[in-house]
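Below: the structure, in structure tokens.
The values are calculated or read from the model by the stated rules, or taken from the named source; none is laboratory data. Everything numeric here is computed off the predicted structure, so don't read it as measured data. As a convention, Cβ positions derive from the backbone with ideal geometry for all residues, glycine included, and neighbour counts pool all protein chains shown.
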Amino acid sequence: MDTTLQRIYAMTQADIAAASKHLMVGGGTPGPILVQGKGVRVEDIEGKDYIDCTSQSWAMYLGFSNEEIIDTIHEHSKHMTHIHQGFNSLPRFYLARLLAQLAPQGLDRVSFTVGGGPAIEAAMKIALRSRPGSREFVSLWDAYHGTIFSTASASWIATQASGQFTGQQNFLSALHTVPRVPNPYCYRCYFGQEPDSCDLMCAEMLRLTLQRGVNGPAAGVLVEPIQASAGQIIFPRRYLVRVREICDEFGVPLIYDEVQTYCRIGDWFAATHYGVTPDVIVLGKGLGAGLPIAAIIIGDRMEGFGPKTEELHTFANNSLAQVTAARQIEVIQRDGILENTRRMGEYLADGLRRLQGEFPEMGDIRAVGLHIGIEYVEDPKTKEPAVDKCVQIRTEGMELGAIFGLGGVRKNVLKVKPPLILQQHEADEILDILHRAMEKVLRP
Ligand SMILES: Cc1ncc(COP(=O)(O)O)c(C=O)c1O
């Protein structure tokens with residue numbers, strides 16, 4: 001081990017306590033100090049081992065310390081790791097072509113950037129370019145598109161309700177107004193309708209807002225086709241079909257935020273899963289197998305970026321992240337990782353539904369691939385959110401050796417989103433830990 005690494009990994013609890021006063025961590029659900037990982041498992045500084053159902057920000061699709069990814073990183077770092085955006089590079093051409101080949105037909109121009117928020121913002125710039133004279137975007141209730149000012153404006157974190165625990169209220173003066181319309185949260189339908197027979201009032205609200213709720217022509221409609229931070233909310237296909245029709249009716253670009261859905265739902269894109277194609281797809285998180293990279297893929301109707309400095313980031317042409325993203329795609333293709341994601345997702349969902357028989361507090365189980373959430377309620381009839389119990393189940397799960405995520409606007413959704421390489425015995429272990437955690441918390 002090199003000497004810097006030696007010093008880093010030799011840090012004691014006293015060193016950490018002394019160093020911590022120099023560090024501002026920011027948000028996120030607190031967890032242990034992690035030092036290494038292998039496959040779907042991570043280990044903390046005390047040597048305690050966990051199965052990681054968060055994939056660290058849902059991003060480590062091939063798990064931790066994947067040998068092939070490590071080899072690609074090692075080998076490529078001997079070429080060039082960072083290249084200015086203005087210079088062309090082979091990895092960038094290669095990855096752009098690969099993503100264009102995977103994307104739905106008609107979406108075939110790619111721009112890279114540094115993270116999910118900046119990628120959403122890049123999509124917003126493209127939409128504004130494509131709709132001269134437009135200004136406003138429309139997004140959905142409970143949406144999450146990142147914390148940079150442009151995307152926080154379109155996210156639930158800027159609302160009064162969430163401001164209580166996000167602190168985003170400090171930034172209200174820097175945020176712009178993004179009209180937000182009801183999301184198709186069928187478990188708690190705001191219009192009191194049933195999912196299969198409803199008349200899509202939520203989509204109608206979008207139509208009316210585009211017609212009467214924005215100043216001038218809208219620049220774009222921003223949608224996570226399956227909402228993640230909102231609490232793993234799965235949209236009915238007919239909702240997205242209707243949204244597409246409405247966007248076409250008004251000539252408004254439809255932007256899919258696929259920062260969390262890419263691959264995790266057992267398909268390359270939610271656009272292909274649903275068969276409803278947007279004008280822009282935004283990628284981030286898992287795209288780089290753990291290295292920071294994000295991208296947008298745009299369709300025929302959209303204006304691309306021009307030669308001026310409309311979109312420039314120091315690390316937007318990070319070839320190390322690009323080769324890693326390309327390597328990951330090729331491993332996913334070769335090893336049938338998307339099939340595994342679907343199979344393991346169904347396996348976990350079946351197991352969770354069996355547990356629901358014993359624990360009706362598991363009010364709603366929402367799963368597409370390994371994009372899974374459990375909404376906890378005090379009583380399945382009243383659907384009163386069981387916030388404390390959900391938090392306790394997560395804490396207990398951590399004790400028992402599984403790290404679950406926590407989400408939902410009400411913070412009563414437990415997220416189960418392990419790496420996509422999950423095997424059946426590991427899925428059994430997750431179900432067993434969750435069972436024991438729920439016994440302890442719900443049946444003390
Ligand atoms: C759906 C979605 N969009 C955008 C973002 C923002 O990405 P980043 O944190 O890389 O800026 C996130 C991050 O959690 C996300 O979940």
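For segment 365-392, residues that are under 19 Å from T54 (Cβ atoms), β-branched (V, I, T) and assigned to a loop (DSSP other than H, G, I, E, B) total 0. The residue that is farthest from G345 (Cα to Cα), counting only those in segment 16-51 that are within 16 Å of the ligand (Cβ to nearest atom) and surrounded by 10 or more Cβ atoms within 10 Å (Cβ to Cβ), is G27. Filtered by the rule that a residue be modelled with pLDDT of 95 or more, of a type in the set (S, T, Y) and in a loop (DSSP other than H, G, I, E, B), segment 184-212 gives Y185, Y190.
Filter segment 233-260 for residues that are closer than 21 Å to A294 by Cα and within 16 Å of the ligand (Cβ to nearest atom) and give the result. So that I can check it myself, show each step before the final result.
Our first condition is that a residue be closer than 21 Å to A294 by Cα; within segment 233-260, this holds for 253-260.
The answer is L254, I255, Y256, D257, E258, V259, Q260.
Is there a residue in segment 117-125 that is surrounded by fewer than 13 Cβ atoms within 10 Å (Cβ to Cβ), out of contact with any helix residue (DSSP H, G or I) (no Cβ under 6 Å at 6 or more places or on another chain) and either more than 17 Å from L287 (Cα to Cα) or touching a residue at least 12 places away in the same chain (Cβ under 8 Å) (or both)? No, because not a single residue in segment 117-125 is surrounded by fewer than 13 Cβ atoms within 10 Å (Cβ to Cβ), out of contact with any helix residue (DSSP H, G or I) (no Cβ under 6 Å at 6 or more places or on another chain) and either more than 17 Å from L287 (Cα to Cα) or touching a residue at least 12 places away in the same chain (Cβ under 8 Å) (or both). For segment 294-323, a residue qualifies if it is more than 16 Å from the ligand (Cβ to nearest atom) and either of a type in the set (D, E, K, R) or closer than 16 Å to L102 by Cβ (or both), and the qualifying residues are I298, G299, D300, R301, E303, K308, E310, Q322.
Would you confirm whether any residue within segment 152-163 is under 22 Å from the mean Cα position of the chain (by Cα), in a loop (DSSP other than H, G, I, E, B) and within 30 Å of T382 (Cβ to Cβ)?
Step one: list which residues in segment 152-163 are under 22 Å from the mean Cα position of the chain (by Cα), which gives 152-159, 161-163.
From what's left, in a loop (DSSP other than H, G, I, E, B): 153-155, 159.
If we keep only those that are within 30 Å of T382 (Cβ to Cβ) too, we end up with 155, 159.
The answer is yes; a qualifying residue exists.
Taken together, the criteria place A271 among residues that are within 16 Å of the ligand (Cβ to nearest atom), closer than 30 Å to Q56 by Cα and touching a Pro at 6+ places or on another chain (Cβ under 6 Å).
Residues in segment 398-413 that are farther than 15 Å from I51 by Cα and outside any loop (DSSP other than H, G, I, E, B): L406, G407, V413. Please tell me if I148 is free of Cβ contacts under 8 Å to residues at least 24 places away in the same chain, hydrophobic (A, V, I, L, M, F, W, C) and within 14 Å of the ligand (Cβ to nearest atom). No, not satisfied.
State whether the residues of segment 162-178 include one that is under 24 Å from V413 (Cα atoms), among the aliphatic types (A, V, I, L, M), modelled with pLDDT under 95 and in the same structural domain as I255 (by TED's automatic domain parsing). Steps first, answer last, please.
Taking segment 162-178 first, the residues under 24 Å from V413 (Cα atoms) are 162-169.
Then keep just the ones that are among the aliphatic types (A, V, I, L, M); that gives none.
No, that holds for no residue.
Against the definition (more than 23 Å from the chain's Cα centre (by Cα), touching a residue at least 12 places away in the same chain (Cβ under 8 Å) and surrounded by 17 or more Cβ atoms within 10 Å (Cβ to Cβ)), how does A386 come out, yes or no? Answer is yes for this residue. Tell me whether segment 186-195 contains one or more residues that are in the same structural domain as S139 (by TED's automatic domain parsing) and crowded, with 19+ Cβ neighbours inside 10 Å. Yes, that holds for at least one residue. Inside segment 225-272, can you point out the residues that are closer than 25 Å to I329 by Cα, not in a loop (DSSP other than H, G, I, E, B) and not β-branched (V, I, T)? Hits for segment 225-272 are Q227, Y256, D257, A270, A271.
Going residue by residue through segment 163-180, is there one that turns out to be surrounded by fewer than 18 Cβ atoms within 10 Å (Cβ to Cβ), within 26 Å of V368 (Cα to Cα) and more than 16 Å from the ligand (Cβ to nearest atom)?
Filtering segment 163-180 down to residues surrounded by fewer than 18 Cβ atoms within 10 Å (Cβ to Cβ) leaves 163-165, 167, 169-174, 176-177, 179.
Those still in the list that are within 26 Å of V368 (Cα to Cα) too: none.
No, that holds for no residue.
Scanning segment 275-293 for residues that are acidic (D, E) and within 14 Å of the ligand (Cβ to nearest atom) yields a total of 0.
Does segment 110-123 include one or more residues that are among the hydrophobic types (A, V, I, L, M, F, W, C), at pLDDT 95 or above and more than 16 Å from the ligand (Cβ to nearest atom)? Steps first, answer last, please.
First, the residues of segment 110-123 that are among the hydrophobic types (A, V, I, L, M, F, W, C): 110, 112, 114, 119-120, 122-123.
This time we only want the ones that are at pLDDT 95 or above, so: 110, 112, 114, 119-120, 122-123.
So of that shortlist, the ones also more than 16 Å from the ligand (Cβ to nearest atom) come out as 110.
Looking through segment 110-123, at least one residue is among the hydrophobic types (A, V, I, L, M, F, W, C), at pLDDT 95 or above and more than 16 Å from the ligand (Cβ to nearest atom).
Annotation note: of L431, L420, the sole residue that is in a helix (DSSP H, G or I), buried (at least 16 other Cβ atoms within 10 Å of the Cβ) and modelled with pLDDT of 95 or more is L431.
Filtering segment 23-44 to residues that are at pLDDT 95 or above and in a loop (DSSP other than H, G, I, E, B) leaves only V40.
For segment 60-92, name all the residues that are over 25 Å from the mean Cα position of the chain (by Cα) and not in a loop (DSSP other than H, G, I, E, B). Correct list: D71, H74, E75, H76, S77, L90. Filtered by the rule that a residue be polar (S, T, N, Q) and at pLDDT 95 or above, segment 133-149 gives S134, S139.
Got a sec? Which of G63, G106 is among the small types (G, A, S) and either within 16 Å of the ligand (Cβ to nearest atom) or under 30 Å from C186 (Cβ atoms) (or both)?
Numbers: G63 fails: either within 16 Å of the ligand (Cβ to nearest atom) or under 30 Å from C186 (Cβ atoms) (or both).
So the residue among G63, G106 that is among the small types (G, A, S) and either within 16 Å of the ligand (Cβ to nearest atom) or under 30 Å from C186 (Cβ atoms) (or both) is G106.
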